[in-house]
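I am attaching a structure below and will ask some questions about it afterwards.
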Amino acid sequence: MHRRKNGANSMTMRSNKANNSNYYSNLESGNLSRGETNSNIMEQQNNERIADLSEQVARLKGLTIDIGNEVREQNSLLDNMGDSFGNVGDLLNGTMRRIGTLLDRGGAKHMFYLVGFVVAVMVFLYWVMKHRS
């Protein structure tokens, strides 16, 4: 998976830790009122959640980039396969045309040889598969 290092997140976390230590020292000395204490706690929690969300967004961004790259690769492979199948289709059409010409010239004799060859190949393949297992 694609991971990006984000220096801003680590700096934010360090500054949050520094703010936490200042907050706790002010709390212990009694310099903050109850309302300020609650607002500071809520702000600290919000900052932690923002940091978590930014990490998740960075992971999702990396994931979407990876998915996009994979889709581009798959599309190029499919395009190449389509071209290959088109070439095979052209080759088969040419072969069928040549077989038709051959049958027109030779008549029944060539047809007999062709059918005999196909049957012999099928019997051979059957024999190979039967003795293989």
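Every read-out reported here was derived from the displayed coordinates using simple, explicitly stated rules and does not represent laboratory data. Quick caveat: nothing in here was measured; it's all calculated off a predicted structure. A quick note on method: Cβ atoms are made from the backbone with ideal geometry, for glycine too, and the neighbour counts reach across all protein chains shown.
Sort 119-131, 53-65 by the packing proxy (mean of other Cβ within 10 Å over each peptide's residues), most packed first.
Values: 119-131: 9.5, 53-65: 12.4.
Those peptides, ordered most packed to least, come out 53-65, 119-131.
Treating the Cα atoms of the range 39-108 as identical point scatterers in vacuum, please give the log10 of the normalised Debye intensity I(q)/I(0) at q = 0.11 Å⁻¹, two decimals.
Scattering profile of the range 39-108, log10 relative to I(0): -0.60.
M42 to V71: extension gain in nm, 0.36 nm per residue of separation minus the Cα-Cα distance? It would help to have the intermediate numbers written out before the result.
Details: separation 29, 0.36 × 29 = 10.44 nm, distance 4.26 nm.
That pair, M42 and V71, stretches by 6.2 nm at full extension.
Another one. Whole-Hz ³J(HN,Hα) for each residue in the range 45-62, computed from phi via Karplus 6.51 cos²θ - 1.76 cosθ + 1.60 with θ = phi - 60°, x for glycine and proline: what do you get?
Each residue of the range 45-62 in turn: 5, 4, 5, 5, 5, 5, 4, 4, 5, 5, 5, 5, 5, 5, 5, 5, 5, x Hz.
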